[in-house]
Amino acid sequence: MLLEVGDLFVITEVFVIASGTSRPHVQSLADRVEELLKEAGRAPLRDEGRNEAEWVLLDYGDVMVHLFQQPARDYYELERLWRDAPLIEWAPAASDLG
């Protein structure tokens, strides 16, 4: 899920919210996000929660990536908290589909 939060939250423009099925899955998702963005010349300003991997935050300044295990995502309900933020439509590039 992509939320355009720039008009509601002054420190970033977009929230990316995704779920993994387990601690290792969330950690590998975080690794892959960092890898892909590094290839695009981007490095996170900070990264939090990777060891526990219940909720990993990768802060890229204008984009914040939130990676959850499902129980934590259900508990924090960022989608509900930021429900006034418009959804950003996204479709993976053909090269991302394998």
Mind checking which of 63, 33, 14 has the largest fluctuation in a GNM of the chain, springs on alpha carbons under 10 Å? 33
What helix-only [θ] at 222 nm does the chain give? Using -39500 (n - 2.57) per DSSP H run of at least 4, over all residues, to the nearest 500, the answer is -8000 deg cm²/dmol
What does the net charge come to around residue 42 if you take all other residues with beta carbon closer than 12 Å to its beta carbon, with K and R at +1 and D and E at -1? -4
Choice from 49, 61, 41 showing the highest fluctuation, given a GNM over the chain with Cα pairs closer than 10 Å: 41
Kirkwood Rh over Cα pairs of segment 2-98 into Stokes-Einstein at 10 °C, 1.306 mPa s: D in µm²/s? 114
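Bear in mind that the values in this text are calculations on the coordinates, not laboratory data. Just so you know, these numbers come straight off a predicted model, no measurement behind them. Positions of Cβ are generated from backbone atoms using ideal geometry, with glycine treated the same way; all protein chains shown enter the neighbour counts.
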